[in-house]
Each structure stands twice: as structure tokens, then as C-alpha cells.
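Encoded as C-alpha cells, the structure appears first; notes follow it.
The values are calculated or read from the model by the stated rules, or taken from the named source; none is laboratory data. These figures come from a predicted structure and were not determined experimentally. When we count neighbours, we look across all protein chains shown, and the Cβ atoms used for this are built from the backbone with ideal geometry, even at glycine. Keep in mind that these areas ignore ligands, DNA and RNA; they rest on the heavy atoms of the full protein, side chains included. Shrake-Rupley method; radii C 1.70, N 1.55, O 1.52, S 1.80 Å.
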Amino acid sequence: MTVSIDPTIENFYAGLPFEPDEFQRQAITAAATGATVVVTAPTGAGKTLIAEAAVAIALAKGRRAFYTTPIKALSNQKFSDLVDIYGRNRVGLLTGDNVINGGGDIVVMTTEVLRNMIYAAATILDRVEVVILDEVHYLQDRFRGAVWEEIIIHAPRHLQLICLSATVANAAEFAAWVRERRGDTELIVTRHRPIPLEDLYCWKDRFSAELELQPTFVVRAGEQRPNPRIERLLSLEKGRRRRLAIPSRVEVVERLAEDGLLPAIYFIFSRAGCDAAALRLLDSGVRLTTAEERDRIRAIAEEATTHLEDSDLDVLDYGRWLSFLEVGISPHHAGMVPAFKEAVEDLFAAGLLKVVFATETLALGINMPARTVVLESLSKWSGEGHELMTPGDYTQLTGRAGRRGIDVAGFGVVLHSPFIPFAQVSSIAATGSHPLRSSFRPTYNMAANLAAAYERPRALELLSSSFAQYQRQEDVSAAQRRMAVISEQLAADEKLATCEHGSVAEYRSRLGQMPATKVPHGENLLGRLRPGEVIDIPGGPRQGRYLILRRIRREGGGLKLLALGTSGRTVPLGTREIGPGTTRRATIELPQPVDTKSRRFLSDALRLLRKLPPPDGRNDSSPRPREPDHPVARCSERGTHLKALARVERTRKKLEAIETDLRRSGMGLVEDFEAIELMLNNLGYLDGWKLTDCGQRLRFVYNELDLLLSEALERGLFAGLTVEELAALASCFVYEPRTDERTIPIWPTALLLERWEKLLALAEELATAERSYRLPANRGPDPGFVGLAYQWAGGAGLDELTGLRLASGDFVRVSRQLVDLLRQIRDVVAELAADARATLQAVDRGVVAAMGVG
């Protein structure tokens, strides 16, 4: 049977300089049918080709295509890539900072821009055929992830969605949810890397002073296993004098250069560490570029920073940054201004930079393939403590290793650390992925938009259609299945815990109350037992028959016995395990030589143990302890009953815990939404299910503190302020410190302090109301940027700012967020439009002004 291929696809393939991979062909064929397509693949596998094919298919139909990304920098990159293919006349960009050709056939935008269009029921969507949701795994981000779910739930049905994701463990679950929301959906999954990854482990040998770079894994008998040479070396690392040391950054880079493993991305999970690494390399005299490359680097760096004033460049330490670039290295992190970061990305992509020291933020989307990725540590700070990265994190970071069409292999290098066992390194480095978990929760802005667009029953139905609720239902179903299995086990154990002679629980209680002097102490019996003796333990966690193999002396003088059970396992026995009723059963001659680590010895000893007759209550070689005066004491199966009773109690606790979790899961999202609905009614944003005027304004407030900002606007807290004061007060809604440290702000004017105090009181009023409705707590406003915002809006230059403790990149990032908020105030509150516009002009200048294309 011959399968016809869409001519558009044939033409698209004909224009490619390479043959598409099978997963790309499958996804493109599915896209041509009009179905929603979910693609999960490793970084660098070629998901972008699928997006470009979907765009070509839409344009061939005379329709438009939207391409969404999670961050502006990625939007800028995609815009440039598509301009190279289709020309500037056909491609547009919408990022909030810039609007370029918004009516173009292809428009690249940040995900929030599309979400806002959908809520506004924008007619611009009518001619759109396909929407690319790039980096869709971003929906698990706790701050912005809900936007992706809102789009999938609310996008008009005529829109075809192409969802591109990194490798995730639960792709089928995510695709099943998308299918419920969007109809016909094809899932395409590949775990194949087009450029294979070789995992390496690097350490410094103190004996030879050499750097060792060895494969993390070896293949034996067709199976991949951790490198035994590394395991053997590490097993000898004892005492203070250790052979393996952590290699220095300079040593690692020099070794990579010698072995031809550059260019490299060197991940260090701190900004200060990235800066220090670049400076150390510069000071060491490392030079990785030619004279011709240095000339090109200087030209590109100068062009990237032409919009910056000389005074700004001085503050940004442009000279040192350029020195880094000229020798072929650079840091890359969020503390750098956009102009510097984008120049680093361009230079690395052009092959002019050989080593970039980066934080994990580089892993998100930006096209910077390398030959090698170095992970200085597999542990990173989570904000509360150090945590080991997951196999999914490792896969994501090392996904950049290997340049398609250039390298035959990519390399992922992990540096030795005495604090992370090699077994953990090899476990993390094994191919892995993490499950996609929803971060969706209703917000006040979302509630206002639902009220504007839908009748209440339909809004609740859509809310229940979120991936979060879908996962909760899956979790509930799994928990119910688990409860059914546990309940069956409970019933069986309850039967075993029942004795025809009387209550086993009562017997156990009496047993526990027996005077200790009447029953041989476990400790006394423990001290009398010798290797070769066989004992029967009637109850407790170690109930059963055991052969004593040897005595174990613990530090501090404690004694335990190493014993072999009838199951074939060796276990340590102490006074806790050898309780009342334990009896000597027999003595056997242990096989020779006695070697408790030898499989042969243990096998022979087990055979002798199993030859003994089962317990029958006779032939004790030690006196039986006095039993309590209770009917169950006469039962020969009392030990079995006691053990079953202990299991029953543990199982009941387990069931209670699962039931508690189920009650907590319930319909949490709907309950939260209904509480939000009550709040909005009480505050006058809703009248029943109808939006009031202030409710209509809330629809267009997109901020983590959306209700607080709306209330501040409604109550006039922004009225009558100067440009500087307006910028300063607005900054309290966007600034969030990177640590728990709080600085005491200096208030430039008495009026600004008065408004801040009113804002703080308003925030506490809303927080009290939210607590009464059992809503999740939101963070409060933070005045940590007030002084800087006031000075900058007043015309101060970057070199004139007092109290600038932030990295320059952080200052620009917060200022850009402030610009976005001022735009919202300008558009939402007519009375403040002129003031907000003037403040916007005062803030959006110089180093803060939009860079490049977005």
C-alpha cells in the first residue's frame, strides 16, 4: 500500500540539507493532519524542525502561525531564525517590550502575550492556523506554569497546538490530558540523542599530580555498568590522606583543551562562582583564541554595546568583560545585563568563545550547543538547603553536549567530590527524566477573566479540566487502587491475628506487663548464646528461627549477634530482637572455614538449619519464660498471632494516612476558586457572577500580587504621586529579594512612606481575609527596590545610583518588570494614564531600555 505524502511536506523536506530523523517525520506527518501534536525529546534532538514544518504547512494554506516561548531572549532568537528563513516582512515579534510587525504571517511571542490575547478574545486569532508551544514542560514552573495550561484549556478550538517538550517521564499522561481538552492528539516520544553522550568522571590524582578523565560507565556483556576502576580507587579512599582530589577549574579547562574537548559549557551553580572562575582563568594566562578571532570578538562586543553610555560601561566593568572574551572565556548568568549575555551567546554560537561558565539558567532553550558540558557539582542550593540534582536535571544540562553535524559524540564531565559517592553520580548520570507536575492554581485575574468569558458552570468545568486536577484524579485513582490491595492484606492479617482462645491484643498487653525478673532478659540470653546455636524468636519484627554465626562487638562495648534466618538472609540480633519467649532450639556444627561473607558457607549453613524439625514447643535447651495467665498463652500459634497483630496495626495506620491525603486532594482547585469568588464579591469586583467596573480592570492586571495591586489602584494609593514616587511604589510589586535578607529602605519622601504604610496595612487586610477563606498565602510587597527606582526615574545614571547592591543584570531585570507593570497601570486606569506614561518614559531608558529586537 502506497501512502501519499502532502506536497507541502515533500517541498519542506526537499529544502533541507539533511535527512530528518524518524521521530521528526512522524511528528510532521501528524501535524499535516491538523491534529494537536505533543513531542518530547532530548535537548538538541531537533524539535525545532517540527515547529518549522508546522509553520510551513500553515503558510501553504494561506493561514498564520504563532510561535510562543517562555522567555524574551528565546523569543528574540526564534524571531531572528525565522527572519533568516522567511524575511523580515513576513515575521513579527510581540514580547511586551517591542511590537514588530504584529500582523505578520508568523508572529513570535512570549507565552503570556498569547494567553492575554485568548482572554481578550482578540480577532487577531481568527486567521491563525497553528500555535507552537515551545518548552511546554515549563508548565511546572510555580510562578508562570499556569499560563501554558490556560492556553491549552481556553484556546479557540480551531487552533492547532504543537507542544514541544524536553524529555519527561509521564509524557503519556500529559498527552492524555491534552487529548481530553483538544481532541485528536498525537504523542511522539524519542529518547534518542542524535549525537551520543559519553559520560566522564574527572579527578586529580595527588600521587601523580595528573588529571584523570575516565568513562563513568563501561559496557560488560552487553550491559552498561559503573566503571569498576573508579569504584576500586574510591573504595581505597580512607583516612586523612586521600589520593583523589577535586581538580581546579584552570586544570580542567587546560585538560579539555589538550584533549580537543572544547568548546565547553562549564556549569557552576552560583553567579559569584562563574565570575570567579572566569577571572581565575584570565589571571592564569590561559589563552584559547587566535589573533583573528580576537579581532572578530572585539567587533561583535562593541556592536552589541553601542547603545550603552560610556558611564554605564564603566559601571558594568566592560574592560574586564572584554578581556574575558578576548581570551575565549566568559561567565553567563542572570546577574549580567542583557547586552553582555546576548553577546556571549552569539560569540559562543559562532565558535569564538571556547568556555562559558554558566548557571543552570542557560539550560532553558537558548541555542548554545557545545562539544562538552562540565558539571562542577551535582549538588545545588535550592533556597532552603543543598539538594542533589535529579537524573532529569542531568539529562537537561548535558543535552547541550554534542553539536549536530560537527561532533560524533558529546561529553558530559562530572568532577569528583568527596561528598557525593560515585554510586550516586552513576545513578544520576544514567539516562533519566523527571515527571511533569502541574503548578496550576486559580488566581484573582484568572477568576475575573473566566467570569468575563463563561457562564459559571462552564467556568467551573474548565477549571476542573486543568492538568493539575487531571493529575489529582489520577493520584486519587492510584490511591484507591492501593487502598484496595492494602485492605485485602489487612483482612488476611486480621484473620491471622484472631485466636480461638481469646483476645491477642489483650494477651500482648499482659505479656508486656510481666515482671522483668520472671522472664529471662534478652540481654542475659544474648550473652549466653554462642556460634552454632539455633534459637526460635516467637514474636516481634524478627520472629522466626535463626542460626548464630558470630558475635559482633560494637563501639562502646555493646554486643550483637550475626545470625542466619531460614529465609537465607543474615541479620544482626540484639536485645530488642531477642525478646521474652526466645528459646534455644539446638546446636549444630558450623561449616568450615567460617566465613560469613562467603556464599558457599552461607548456603551450607542454611541447608543444615533447614534440616531441623519445625518448632513444636518441646526439647528446649533453656527454661521457657513464665507466660501470663491468659487463654492465648496456651495457643501454639501465639507467635504468628502476635506478628499478624503488629502488621494489622501498621496497615491500619497506612490506610488512615492514604485516606487523609485523599481528603486533602478532594476538589481543592474548585474550593480555592470558590473562595476567590467570595473574596471578589465581598470586595466589589463581582456582583454574583457579573463583573463590576473594577472587576473589568482586574482582568488586565497580570502580576503575582494581582488583587493587592488592583486594590491599591482602586483605593487611590498611586494618585497624586510624582514620577519618582510612582516608580518607587510600583517597584514594591515586582521586586523580590534573592535571599531571606531584608534591607531597611530609606524613604525619599514622607508621602511615599505614608503610601507604603497604607499598602502594608492593605496587604495584611487581604492576607487576613485569605486566611479566613483558607486560601494559599501570597508573598507580600517588598520595598527593597524603592530607593533605586526613585533615583533611576529621577534621571540618575547607573554610575550615580547610591545603595546599588544588586548585580547590574538584576537591576535591569527588575526595572524591565517595573516597565511592564507601568504599562499595565497606564492601560488599566484612565486617571493614572498620563502619570504612568511619564513614569514609563523615565524608567525605560539607558541600560534598562529594550535590547535588540525584544
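Selection of helices (runs of 4 or more DSSP H) fully inside region 725-830 by the criterion of at least 2 residues being closer than 26 Å to W321 by Cα returns 786-793, 808-828. Scanning region 425-446 for residues that are within 30 Å of L378 (Cα to Cα) and outside any loop (DSSP other than H, G, I, E, B) returns V425, S426, S427, I428, A429, H434.
Return the residue satisfying two criteria in turn: it lies in region 229-253 and is without any contact (Cβ under 8 Å) to a residue 40 or more places away in the chain and charged (D, E, K, R), and of such residues it is most open to solvent (accessible area, probe 1.4 Å). Applying the filter and picking the extreme gives R240. If you go through region 128-136 one residue at a time, do you hit one that is of a type outside the set (S, T, N, Q) and without any contact (Cβ under 8 Å) to a residue 24 or more places away in the chain? No, every residue in region 128-136 fails to be of a type outside the set (S, T, N, Q) and without any contact (Cβ under 8 Å) to a residue 24 or more places away in the chain. Is it true that E149 is over 19 Å from S75 (Cβ atoms) and open to solvent by less than 40 Å² (accessible area, probe 1.4 Å)? Spelling it out, E149 is indeed over 19 Å from S75 (Cβ atoms) and open to solvent by less than 40 Å² (accessible area, probe 1.4 Å). Residues in region 42-54 that are assigned to a loop (DSSP other than H, G, I, E, B) and not β-branched (V, I, T): P42, G44, A45, G46.
Residues are listed down the side, and each one gets a yes or a no for (1) open to solvent by 50 Å² or more (accessible area, probe 1.4 Å); (2) without any contact (Cβ under 8 Å) to a residue 12 or more places away in the chain:
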| position | (1), (2) |
| --- | --- |
| K758 | yes, no |
| S772 | yes, yes |
| P776 | yes, no |
| D782 | no, no |
| F785 | no, no |
| W792 | no, no |
| A796 | no, yes |
| A807 | no, no |
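Looking for something buried (at least 19 other Cβ atoms within 10 Å of the Cβ), in a loop (DSSP other than H, G, I, E, B) and of a type outside the set (F, W, Y) - is there at least one such residue anywhere in region 689-702? Checked against the condition, which is being buried (at least 19 other Cβ atoms within 10 Å of the Cβ), in a loop (DSSP other than H, G, I, E, B) and of a type outside the set (F, W, Y), region 689-702 yields at least one hit. Of G335, G328, G285, G351, all but one fail to be more than 26 Å from A849 (Cβ to Cβ) and surrounded by 20 or more Cβ atoms within 10 Å (Cβ to Cβ); the exception is G328. From the list E533, E577, the lone residue that is buried (at least 19 other Cβ atoms within 10 Å of the Cβ), modelled with pLDDT of 75 or more, more than 22 Å from L645 (Cβ to Cβ) and among the acidic types (D, E) is E533.
When the residues of region 171-228 are filtered to those that are open to solvent by 70 Å² or more (accessible area, probe 1.4 Å), in a strand (DSSP E or B) and not acidic (D, E), the one that is farthest from A32 (Cα to Cα) is R220. Scanning region 485-513 for residues being farther than 14 Å from H641 by Cα, loosely packed, with under 15 Cβ neighbours inside 10 Å and modelled with pLDDT under 80 gives a total of 2. Provide a single number: the residues in region 447-484 that are surrounded by 18 or more Cβ atoms within 10 Å (Cβ to Cβ) and assigned to a helix (DSSP H, G or I). Adding up the residues that qualify gives 14. Taking the criterion of being of a type outside the set (S, T, Y) and open to solvent by 40 Å² or more (accessible area, probe 1.4 Å), the residues of region 256-270 that qualify are A257, E258, D259, F269.
For region 95-109, what are the residues that are touching a Ser or Thr at 6+ places or on another chain (Cβ under 9 Å) and either at pLDDT 90 or above or closer than 18 Å to L59 by Cβ (or both)? V108, M109 - these are the residues of region 95-109 that are touching a Ser or Thr at 6+ places or on another chain (Cβ under 9 Å) and either at pLDDT 90 or above or closer than 18 Å to L59 by Cβ (or both). With the condition kept exactly as written, say whether any residue in region 562-570 is modelled with pLDDT under 80, open to solvent by 30 Å² or more (accessible area, probe 1.4 Å) and part of a loop (DSSP other than H, G, I, E, B). No: zero hits.
So that you can scan it fast, the table gives a plain yes or no per residue for (1) among the hydroxyl-bearing types (S, T, Y); (2) more than 26 Å from S235 (Cβ to Cβ); (3) at pLDDT below 85:
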| position | (1), (2), (3) |
| --- | --- |
| S379 | yes, no, yes |
| G383 | no, yes, yes |
| M389 | no, no, yes |
| R403 | no, yes, yes |
| S427 | yes, no, no |
| R456 | no, yes, no |
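Yes or no: A712 loosely packed, with under 14 Cβ neighbours inside 10 Å, assigned to a helix (DSSP H, G or I) and of a type in the set (A, V, I, L, M, F, W, C)?
no
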